[in-house]
Amino acid sequence: MIDADAHIRRLWRHRGTTLPTPRRGPRQQLDLDEIVAIGIAIADTSGLAAVSTRAVAARLDKTAMALYPYVGTKDNLLALMQDQASAMPTWPDPETSLADALQAWASALFEIYLAHPWLTERPWSQASQGPNEQDWLERLLEILAAWQVPADRHATTVTMLYATVRATASTAAAYRTLDDEGVAEWLAVATATRAQIPDLGSRYPLSTSLAPVTPDWRDNPRAAVTAAIGLLAPAVVVGEG
């Protein structure tokens, strides 16, 4: 069973809590920030599936059991990684419009997800409940309040923005891994589909004629965020929607 108190103290260690100390053996042989950073580096390079307490411990010439007093379970480690990788950068809130302010927030989060694509693989049900993730939500709600978005529209706006940024950043990250061979294979399948299903256009007239957001498919995810905010912002302000 999770030691919730110890886990929260680790999550909030830079925001006022004190780290729990190992009950057995020498104290503080390892640095928690370093442990978490190693986990993040493994996930960034090899994906979330490659992360384990054993893999992290090996980088430190330790056993998996040696890490337990510092991070707890693997799920605890993943939550610590998730929150640390989500550290929010600083930026000035644009004062020109709600759309511009939301765009600045969304662009910053998009870059975090792009730098750490595995963050989008973590289920909503496994939010870290740490301070860095909380910072993003608080900043977004501050923007909505500053532009007098009615409180009863906050939750819906938050859900739509997080879902849009998360999905588009995940797609953009996947596009980054697509090499020339992968693009050629996709085009070959698309061409074969058209050849084998000659009436595809008449069967699906709307979806087959759907215009992309931008001419370059690699730019579509980021452009889609901007376009979505352009639709959302006017709909949530007072007197509209």
Cβ-Cβ under 9 Å, sequence separation 6+ or interchain: first residue in the range 10-36 and closer than 19 Å to MET81 by Cα and loosely packed, with under 10 Cβ neighbours inside 10 Å, partner modelled with pLDDT of 90 or more and not hydroxyl-bearing (Ser, Thr, Tyr). Which pairs? THR18/ARG9
The lone exception for VAL149 - which of (1) in a helix (DSSP H, G or I); (2) more than 30 Å from ALA49 (Cβ to Cβ) it fails: (1)
Positions within the range 49-69 being among the hydroxyl-bearing types (Ser, Thr, Tyr) and within 17 Å of GLN82 (Cβ to Cβ), in sequence order: SER52, THR53
Just wondering, is there one or more residues in the range 202-219 that are crowded, with 16+ Cβ neighbours inside 10 Å, of a type outside the set (D, E, K, R) and closer than 30 Å to SER46 by Cβ? no
Determine which single condition MET160 fails, assuming it passes every other condition in (1) more than 24 Å from LEU80 (Cα to Cα); (2) among the hydrophobic types (A, V, I, L, M, F, W, C); (3) without any contact (Cβ under 8 Å) to a residue 60 or more places away in the chain. (3)
Output yes when any residue across the range 222-232 is in a loop (DSSP other than H, G, I, E, B) and exposed (fewer than 14 other Cβ atoms within 10 Å of the Cβ), and no when none is. no
Quick one: would you say LEU78 is over 26 Å from ALA173 (Cα atoms) and either in contact with a helix residue (DSSP H, G or I) (Cβ under 8 Å, 6 or more places away or on another chain) or part of a helix (DSSP H, G or I) (or both)? no
For THR171, work out the one condition from (1) over 19 Å from ASP216 (Cα atoms); (2) part of a helix (DSSP H, G or I) it doesn't fulfil. (1)
For THR53, which of the numbered conditions (1) of a type in the set (Ser, Thr, Tyr); (2) surrounded by fewer than 13 Cβ atoms within 10 Å (Cβ to Cβ); (3) farther than 30 Å from ARG153 by Cβ fails to hold? (2)
Are any residues in the range 121-159 within 15 Å of ALA106 (Cα to Cα), hydrophobic (A, V, I, L, M, F, W, C) and crowded, with 17+ Cβ neighbours inside 10 Å, and if so, which ones? TRP136, LEU140, ILE143, LEU144
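The values are calculated or read from the model by the stated rules, or taken from the named source; none is laboratory data. Here the structure is a predicted model, which means the values were calculated and not measured. Every residue, glycine as well, gets a Cβ built from its backbone with ideal geometry; the counts of neighbours run over all protein chains shown.
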